[in-house]
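First the structure, in the form of structure tokens, and then the observations on it.
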Amino acid sequence: MTHTQRARIALHGTATTCLAFVAVQYALYGPWPIAVLFGLASLAPIDAAVRETERPAGPRTRPHPHTATRTLASRRRHNASAHPTTDEASVDHTVTQLNTACCERWWTALGTDHDPTCHNQQRRSAA
């Protein structure tokens, strides 16, 4: 249990104690419906403290930081060598498309115009 959890539990205990004290004071000297409300409200911090102390279902073993870094680096190297990243794949696709395009002006004009030296001298309107 960390120091933060202990501090939170102490805060929850203090809140429960204060709310229970107010509930007792209203039960003795004030209207009883408010005493019931404060009594029920004093249960909420208890629930929060119980949830704070619950442990997760699985084991919480942490690997050594250097091991985790080495593992992450080896995964990145493996992924880079085995599968090209999305950026590399998109660059390869773009280069292929540029190489198959008939001319540069056709590519930059989104297929609406050709270079004067291009063998496809067709001109199309963008509309």
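For first residues located in the range 1-16 and of a type outside the set (Asp, Glu), partners that are exposed (fewer than 13 other Cβ atoms within 10 Å of the Cβ) and outside any helix (DSSP H, G or I) and lie 6+ apart or on another chain with Cβ distances below 9 Å form the pairs Ile9/Met1; Thr16/Leu43.
Please go through the range 7-27 and give me each residue that is closer than 13 Å to Leu37 by Cβ and basic (Lys, Arg), ordered by number. Matches in the range 7-27: none.
Filtered by the rule that a residue be modelled with pLDDT under 90 and more than 32 Å from the chain's Cα centre (by Cα), the range 1-19 gives no residues. Of all residue pairs spaced 6 or more apart or on separate chains, those with beta-carbon atoms under 6 Å, a first member in the range 43-55 that is more than 15 Å from Thr4 (Cβ to Cβ) and a second member that is at pLDDT 80 or above and in a helix (DSSP H, G or I) are Pro45/His12; Pro45/Ala15; Pro45/Thr16; Ile46/Thr16.
The helices (runs of 4 or more DSSP H) found wholly in the range 20-127 and carrying at least 3 residues that are among the charged types (D, E, K, R) and modelled with pLDDT of 80 or more occupy 44-53.
The values are calculated or read from the model by the stated rules, or taken from the named source; none is laboratory data. Please read these numbers as outputs of a predicted model, since none were measured by experiment. With ideal geometry, Cβ positions are generated from the backbone for all residues, glycine too; neighbour counts draw on all protein chains shown.
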